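These notes concern the structure reproduced below.
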Amino acid sequence: MSMLRNLWARFGRATVAVAIAGLTVLASALTDGRVDPGEQLQIAIQTVTVFGVWFVPNLPHSAAYKTGVAALLAVLNLATTVIIGGVDSAEVVNLVLAALGVLGVGVTPSISRAESLVPRPVAAAASRATYGGS
């Protein structure tokens, strides 16, 4: 169980982003029976969100970076939807999914690999011993 919890803590945010991207594809195909160019763009932005959340590192003092990337791309998703041709029911579903993705990425616990290997007090003491300071 500890291994599963450790994997979720390391990859949970990216997993949430992948799930939201998959649901966006599914919702785009099922809501009106077709995927129009606006929905294709929403799918593309959700895919970029997956990679953005994946590639932003899990840093101990910057847990909100991944959430910030997801939020920024959700706002881009909204802006492009409004600019391209307005919001219809299929796009509303996708925008709600994008918002849920931001919330999901934000509430999912996240630790870096280094945090799981070396406890913070030990790392801080080693850093002070190596580089000096108090």
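The values are calculated or read from the model by the stated rules, or taken from the named source; none is laboratory data. For clarity, every value in this text was computed on a predicted model and none was experimentally measured. Counting neighbours? That spans all protein chains shown, and the Cβs are built from the backbone with ideal geometry, glycine included. Accessible surface is based on the protein model in full, side chains and every heavy atom, while ligands, DNA and RNA are left aside. Shrake-Rupley method; radii C 1.70, N 1.55, O 1.52, S 1.80 Å.
Couple of notes before you dig in:
- Considering residues of the stretch 73-90 that are among the aliphatic types (A, V, I, L, M) and in contact (Cβ under 8 Å) with a residue 24 or more places away in the chain only, the residue least open to solvent (accessible area, probe 1.4 Å): Ala90
- Some residue of the stretch 5-15 being among the aliphatic types (A, V, I, L, M) and surrounded by fewer than 16 Cβ atoms within 10 Å (Cβ to Cβ): yes
- Criterion violated by Gly33 - all others in (1) surrounded by 13 or more Cβ atoms within 10 Å (Cβ to Cβ); (2) more than 25 Å from Pro109 (Cα to Cα) satisfied: (1)
- For the stretch 49-61, filtering for residues that are under 14 Å from the mean Cα position of the chain (by Cα) and open to solvent by 80 Å² or more (accessible area, probe 1.4 Å) leaves 3.
- Count - residues of the stretch 73-103 that are β-branched (Val, Ile, Thr) and in contact with a Ser or Thr (Cβ under 8 Å, 6 or more places away or on another chain): 3
- Within the stretch 25-72, being in contact (Cβ under 8 Å) with a residue 12 or more places away in the chain, assigned to a loop (DSSP other than H, G, I, E, B) and either over 15 Å from Ser89 (Cα atoms) or in contact with a Ser or Thr (Cβ under 6 Å, 6 or more places away or on another chain) (or both) holds for Val56, Pro57, Asn58, Leu59, Pro60, Ala63.
- Set side by side, the residues Ala70, Ala19, Ala64 differ, and just one is closer than 22 Å to Thr108 by Cα and either touching a helix residue (DSSP H, G or I) at 6+ places or on another chain (Cβ under 7 Å) or open to solvent by less than 20 Å² (accessible area, probe 1.4 Å) (or both), which is Ala70.
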